[in-house]
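Reading through the structure tokens given below for one structure.
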Amino acid sequence: MRRIYAIFILEFKSYITYRVAIFWTLAYPILMLAFLIGVFEHTHAPHFRFASVVGLVMLTLISTAIFGLAQALGSARASKALLFYMATPASYLEITLAIVLSRLAIVLGFSALFILGSFSVLGILPSLSVGNFLLGLLTLGLAGVFCSGVALGVVKYLNNNQNMLAIANVINLYAIMSSNVFIPLQALPSWGQIFITSSPFYHLNNMLIGAFSGQNLGYVLGISGVLFGLGALLTYLGAGRALLVSTPKSR
């Protein structure tokens, strides 16, 4: 635990100095919230505002995993900044867990403040109970394990930073398009509904909405358990030397 904690602190400090990651974690959801307030403040019901804020938190989680974890690790690996960790007595799994936990701690802390602040500004704070708020943060953490596992897989198996960033952007675009955050499902054609409902990010978004609203708890527990299990498996498989050091292809 001491080794994990020591690396966690180093990664936490490193993360808050990485401008790209800070933008996608902090500035992106605030800008999108400002857009929602300006466009939808007088035209949509409180339920739409509630779902939109939770959806922004979900997109923040995904963008943090992609740009704050995958891109940051890829850049650090390319500059050989991660070689220091290999000289410590920590195992690859401990190093990986410390890095992932440092990202989750930041995104969970910001998400808590963002949700409370956004609900206050939009006038829907009374609809959020303390129990549902804590349950929502718990499911957000479990979902974060899944998103982090996917990001680790991208980093481990793609040595080229440009290819890695291209795949990461495709995943981010897919998440935005298929999560059903801004457009009601009923407004889409049948093929669009099939595309969205078959996406794991759609169920991730609905899981968080259910958790923060205290509804469909069976669905929330089932989806969060599946996502956490997949994320834990991907994190375990992603932990290794290739995550920290680029391996040149043999000729």
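The values are calculated or read from the model by the stated rules, or taken from the named source; none is laboratory data. Remember, it's a predicted structure, so these values are computed and weren't measured experimentally. Please note: Cβ atoms are built from the backbone with ideal geometry, for glycine as well, and neighbour counts cover all protein chains shown. Areas reflect the complete protein model, heavy atoms only, side chains present, ligands, DNA and RNA absent. Shrake-Rupley method; radii C 1.70, N 1.55, O 1.52, S 1.80 Å.
Remarks
- Rounded if a/c under 1.5, otherwise prolate or oblate - the range 58-98, Cα gyration tensor axes: oblate
- Relative to the longest principal axis of the Cα atoms of the chain, the long axis of helix 130-157 lies at roughly 40 degrees.
- When you work out D = kT/(6 pi eta Rh) for the range 114-251 at 10 °C and 1.306 mPa s, using the Kirkwood radius from C-alpha pairs as Rh and the Stokes-Einstein form, the result is 94 µm²/s.
- Within the accessible area of the chain (1.4 Å probe), percent carbon and sulfur: 70 percent
- What the phi angles of the range 56-68 give under the Karplus curve with 6.51, -1.76 and 1.60, with θ = phi - 60°, is a coupling list of 5, 5, 5, 5, 5, 4, 5, 5, 5, 5, 7, 8, x Hz, glycine and proline written as x.
- Projecting the Cα atoms of Gly225, Pro46, Pro126 onto the charge dipole of the chain (Cβ charges, centred on the Cα centre) puts Gly225 farthest toward the positive pole.
- Its Cα centre serving as origin, the chain has a Cβ charge dipole (Lys and Arg +1, Asp and Glu -1) of approximately 860 debye.
- Once the Cα gyration tensor of the range 135-194 is diagonalised, semi-axes √(5λ) in Å: 26, 19, 8
- Furthest towards positive pole of dipole, Ala87, Gly109, Met164, structure part the chain, Cβ charges: Ala87
- Computed log10 I(q)/I(0) for the chain at 0.15, 0.16 Å⁻¹: -1.05, -1.17, from the Debye equation with unit scatterers placed on every C-alpha and solvent omitted.
- Ligands, DNA and RNA are left out, and with a 1.4 angstrom probe the accessible area of the chain is 49 Å² per residue.
- Angle between the chain longest axis and helix 200-213 axis [Cα atoms, degrees, rounded to 10]: 60 degrees
- Top of Val226, Val100, Val150 by mean-square fluctuation, Gaussian network on the chain, Cα under 10 Å: Val226
- Along its principal axes, the range 38-158 has C-alpha extents of 55, 29, 18 angstrom, given from the largest down.
- Ellipsoid semi-axes in whole angstrom, largest first, where each is sqrt(5λ) of the Cα gyration tensor of the range 77-145: 36, 13, 7
- Folded to 0 to 90 degrees: helix 161-178 orientation relative to the chain principal axis, Cα: 20 degrees
- Among Gly210, Gly68, Gly123, the residue with the largest mean-square fluctuation in a Gaussian network model of the chain, with springs joining Cα atoms closer than 10 Å, is Gly123.
- Assigned charges on the beta-carbon of Lys, Arg, Asp, Glu; the range 1-121 dipole about Cα centre (debye): 340 debye
- Relative contact order of the chain, defined on C-alpha pairs under 8 angstrom at six or more residues apart (%): 30 percent
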